[in-house]
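This report concerns only the one structure given below.
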Amino acid sequence: MPERQDPTLLTGWGGTAPTAAHLTRATSHDVAEVVRSAGSRGLIARGLGRSYGDAAQNAGGAVLAPLPELIDLDPGSGVVRVSAGTSFHHLMERLIPWGFFVPVTPGTRYVSVGGAVAADVHGKNHHRVGSLGNHVVDLDLVTADGQVQTVGPDSQPDLFWATVGGMGLTGVITEVRLRVLPVGSGHMVVRTERLPDLAAVMSRMREADRESTYSVAWIDTLATGPRLGRSVLTTGEHAGPEDLEGRALRHRWTVPGEPRVGVPSFVPAGLIARPTVRAFNELWFRKAPRDRRGEVQPISAFFHPLDGVASWNRLYGDPGFVQYQFVIPDGSHSLMPDLLARIARAGHPSFLAVLKRFGPGNAGLLSFPIEGWTLALDLPTSPGLRALLHDLDREVVAAGGRVYLAKDSRMSAPTLAAMYPRLEEFRRIRARLDPTGVFQSDLSRRLSL
Ligand SMILES: Cc1cc2nc3c(=O)[nH]c(=O)nc-3n(C[C@H](O)[C@H](O)[C@H](O)COP(=O)(O)OP(=O)(O)OC[C@H]3O[C@@H](n4cnc5c(N)ncnc54)[C@H](O)[C@@H]3O)c2cc1C
């Protein structure tokens, strides 16, 4: 049985609401025993702490981080067996030289496989391939009774679809069998376009649904009036050897490296303020090409530009920041200009704001994606922010949309219930499987999950 550490202060990536818990790192072999010995305050699994809020925290209880142990690819079937504690970074290091890539990647590769399944993460290709859960063959789950269950879309589908997107509340995932994607190199062929306003970017993104495997737009959320929603859209495809020349061809199977720079632990207060963000956004928009096609970029530059800077979340200082990510269905697309205008008028600075298209969602009871438009914004905590997000929540609910649990740190239980129509089913499965509440987190208590 691995040692339980003294209470450790934990936060999500946004750095808000730290709480202390006993953290244990365990091999797959030891997970069941740690689960069986969870005390009355319960236990939650933790990956690499990249969810923004309190999903992987458990104040006064236990937090269990499975260790990375195994990556075993069967190239014939294109299925990898991987332990839940393995990071996407390490998985990519192994997969790319074999000619494979993860089927879905979030905007950082410093997430664990277990954390990615528990949040049912989506990438820039959701409109084509759905979210990560769609590519899981099956997984091993240690449930509240300390038993290991193998669940998949064909065996125990109820438990599988409660676990995919279930934020660790059905048990601890120890191993995942994942279908991976054959690729021709470690590079991408990229098109970058500057678009003058929201109508232009939304129309181009609809076309990109048909033309491109990957697409995402960066939006200047401080631009108002006729420039509301001005954007830089990037679309891309995996490059084959025929797309490469020179250095890129010589390093055909290049793998993502470690961060090149880091942010020091002390950062002056108020760095992310409106004037700095306005200047950054202006520069970022102007420096983007009007329409550049056929640029070859390494996978890391296309998918994970922020991973080049270690601990960039420290730029927000001690008060931390919130990521607000919502999705509204296609039928409510006309609401997007109103929502964006409201955000721009409120003037909360965000230099990381991305717009994506989602295709149809899957059967995950608490999975976030539904067909439509999703906008994600990083916002420093500041007076008035809570009220703004509360208002936006109301609009999102009225439009039939929802907020992403992996990014949330502030929503209320009634708001969540209004957003996720299958919440009661999820609660029933949990009550049957875990009647004494072994699995708990700060998030599950805040949202009465
Ligand atoms: C810069 C950045 C960009 C991002 N971009 C995207 C994006 O494009 N798309 C997207 O979907 N998400 C994105 N995210 C969110 C991120 O992908 C998810 O929050 C993911 O869950 C983080 O994985 P983690 O290993 O850090 O998990 P943690 O944050 O440690 O935990 C997240 C949840 O997973 C559960 N969990 C962790 N391990 C296990 C396990 N072994 N068994 C059961 N449950 C477990 C935890 O209990 C918790 O509820 C981004 C985050 C950052 C910081």
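No value in this document is a laboratory result; all are computed from the given coordinates. Values in this document were obtained by computation on a predicted structure and should not be read as measured data. So basically every Cβ, Gly included, is an ideal-geometry build from the backbone, and we count neighbours across all protein chains shown.
Averaged over residues, the count of other Cβ atoms within 10 Å places the peptides 14-23, 155-164, 311-320 in the sequence 155-164, 14-23, 311-320, highest first. Let me know the shape class of segment 61-131, please: from the alpha-carbon gyration tensor, a ≥ b ≥ c as square roots of the eigenvalues, rounded when a/c is under 1.5, otherwise prolate if a/b is greater than b/c, or oblate. It is oblate, given that a/c is not under 1.5 and a/b is not larger than b/c.
Using only the Cα atoms of segment 230-337, build the gyration tensor, take square roots of its eigenvalues as a ≥ b ≥ c, and label the shape rounded, prolate or oblate: rounded if a/c is under 1.5, else prolate if a/b is larger than b/c, else oblate. Taking the square roots of the gyration eigenvalues as a ≥ b ≥ c, segment 230-337 is oblate.
Ordering S51, A273, V261 by Cα displacement along the dipole of the chain toward the positive end leaves A273 in first place; charges were set at the Cβ atoms of Lys, Arg (+1) and Asp, Glu (-1).
Considering only L181, A418, L433, the residue lying farthest towards the positive end of the dipole of the chain is A418, judged by Cα position with unit charges set on Cβ. Its relative contact order, with pairs defined as Cα atoms under 8 Å and 6+ residues apart, puts segment 259-327 at 64 percent. Largest GNM mean-square fluctuation among G85, G359, G240, using the chain with Cα springs under 10 Å: G240.
Spacing of the modelled spin labels on S334 and S203, each 7 Å from Cα toward Cβ, amounts to 1.7 nm.
Taking a straight Cα-Cα cut-off under 20 Å and skipping sequence neighbours fewer than 8 places away in the same chain, the lysines within cross-link reach of K124 are K356, K407. Computed FRET efficiency, Cβ-Cβ of A310 and L9, R0 25 Å: what is it to the nearest 0.05? The pair A310/L9 has a calculated efficiency of 0.80. Counting only Cβ charges, +1 for Lys and Arg and -1 for Asp and Glu, the dipole size of segment 173-322 around its Cα centre is about 320 debye. Distance between the modelled labels on A431 and R274, one decimal in nanometres: 4.8 nm (7 Å Cα→Cβ projection). Taking the Cα centre of each part, how many Å lie between segment 340-404 and segment 6-32? One Cα centre to the other: 28 Å.
Note on the chain: with charges restricted to the Cβ of Lys and Arg (+1) and Asp and Glu (-1), its dipole about the Cα centre is near 1160 debye. The GNM of the chain, with springs linking C-alpha atoms under 10 angstrom apart, assigns the highest mean-square fluctuation among D338, D209, D307 to D338. Using only the Cα atoms of segment 207-276, build the gyration tensor, take square roots of its eigenvalues as a ≥ b ≥ c, and label the shape rounded, prolate or oblate: rounded if a/c is under 1.5, else prolate if a/b is larger than b/c, else oblate. Verdict is oblate for segment 207-276. The simple spin-label model puts a point 7 Å past each Cα toward its Cβ; for R260 and W284 those points are separated by 1.8 nm. Of the peptides 375-384, 270-279, 437-446, the order by per-residue mean of other Cβ atoms within 10 Å, starting with the highest, comes out as 437-446, 375-384, 270-279. At a Förster radius of 41 Å, what calculated FRET efficiency corresponds to the Cβ-Cβ distance of R227 and R422, to the nearest 0.05? Efficiency, from the Cβ-Cβ distance: 0.55.
Highest GNM mean-square fluctuation among T374, T415, T235, for the chain modelled with Cα contacts below 10 Å: T415.
The chain has equivalent-ellipsoid semi-axes of 33, 27, 21 Å, by the square roots of 5 times the alpha carbon gyration tensor eigenvalues, sorted largest first. In the chain, Cα pairs under 8 Å separated by at least six residues give a relative contact order of 19 percent. Placing R0 at 30 angstrom, the Cβ-Cβ distance between E395 and V267 gives a FRET efficiency of 0.35 after rounding to 0.05.
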